[in-house]
Amino acid sequence: MASNLETLVTVFGGSGFLGRAVVRALCKRDYRIRVAVRRPELAGHLQPLGKVGQIHAVQANLRYPASVEAAMRGAHVAVNLVGILAQSSAQTFDAVQAEGAGHVAKAAAAAGARMVHVSAIGADANSASLYARSKAAGEQAVLAAVPGATIFRPSVVFGPEDDFTNRFAALARISPALPLIGGGLTRLQPVYVGDVATAVAGAVDGNTRAGATYELGGPEVLTMREIMETILEITERGRMLVSLPFGLAKLQALFLQFAPGPFRLTADQVELLRSDNVVSDAAKAAGLTLEGLGIAPDSLEAIAPQYLWRFRKAGQFTHRNA
């Protein structure tokens, strides 16, 4: 039986939050990994995840097809994890998540490689959100070039260094109140980064259905209010939760889109919160979920205390709602 060491996997976006977890999971399976990133000189933190010589970083930018093709040269599998939460300069949703995904898929097809593409629950060509529309366009481009590709649509992903739970925990440290956009009624299904990485590695192993789209969610469906309450409880910070209507939130985003760190908010992010972000009944019925892959997902309540402890404040926790 051939060893995985004979298989070269090119991971686009392998130095990011999800990328680190995916590279770690692939290293444990003994794959050779080529990490394709815009700044390979900043990817040195990945080396300890594997054996000597197992991980090699190369330069690639999804907006430039030639660099993508070079990163795919000689590879057997392409994994695309590249995504952005907000647009900036040339890094637009369409350029990165739609056209960029298509460039990876075309390069994979030219190399005769299999492909795993990470999209997002909520990808919808008819959505009012630019982010959601670009995700849908990316999926379409991937399947057009590599019909047998595996597509994963995770709900919001949490874990150490995420831009979700850490963002609100940091905001709670410096703000006396936290906003609940739309009243905090939007339902999410937070999924642990390690579980998503395990699913991706399983797809590289060939354990997924060709051409199928999987929806990945954690074991619980929670409202934004419940998630915020959980974060406040873990960090032992008493903060007011203030309902903020969608219209007012969108107006504030006109200014907050330029704000630093956890205060940043874009109109497109507000638009995304108008829709629930949970695994569909159709995906459950078809077995196109983490559970269908034989993965028992970890909950936010079980994992978050392991890394949010650094935001805790000494003293008695009190909680108030407004």
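Annotations
- Remark: the Thr223-Arg173 segment gains 15.8 nm on full extension, using 0.36 nm per residue and subtracting the alpha carbon distance.
- Inter-probe distance in nm under a simple model that places probes 7 Å from Cα toward Cβ, at Leu185 and Lys313: 3.0
- Rounded percent of accessible protein surface that carbon and sulfur make up, the range 158-205, 1.4 Å probe: 56
- Net lengthening on full extension, Gln306/Asn126 (0.36 nm per residue, minus Cα-Cα): 61.0 nm
- Using θ = phi - 60° and Karplus 6.51 cos²θ - 1.76 cosθ + 1.60, couplings along the range 14-31 (whole Hz; Gly, Pro as x): x, 9, x, 4, 5, x, 4, 5, 5, 4, 4, 5, 5, 4, 5, 9, 6, 6
- Pairs of Lys residues in the chain, spaced 8 or more positions apart or belonging to different chains, with C-alpha separations under 26 angstrom: 4 in total.
- Residues considered: Ser67, Ser89, Ser155. Largest GNM mean-square fluctuation over the chain, using C-alpha springs under 10 Å, is found at Ser89.
- Within the chain, helix-based [θ] at 222 nm, where runs of 4 or more DSSP H residues each add -39,500 (n - 2.57), nearest 500: -10000 deg cm²/dmol
- Rolling a 1.4 Å probe across the protein heavy atoms gives the chain an accessible surface of 45 Å² per residue.
- For His76, the shell of other residues with beta-carbons less than 14 Å away shows a net charge of +2, using +1 for Lys and Arg and -1 for Asp and Glu.
- Two-site label geometry, Asp30 and Asn4: point separation in nm, points 7 Å out along Cα→Cβ: 0.9
- R0 of 30 Å, Cβ-Cβ distance Glu291-Glu161: FRET efficiency to nearest 0.05: 0.70
- Fluctuation leader among Leu254, Leu222, Leu26 - the chain, Gaussian network, Cα springs under 10 angstrom: Leu254
The values are calculated or read from the model by the stated rules, or taken from the named source; none is laboratory data. As the structure is a prediction and not an experimental result, all values here were calculated from the model. Positions of Cβ are backbone-derived with ideal geometry, glycine not excepted, and every protein chain shown enters the neighbour counts. SASA here: full protein model, heavy atoms, side chains in, ligands and nucleic acids out. Shrake-Rupley method; radii C 1.70, N 1.55, O 1.52, S 1.80 Å.
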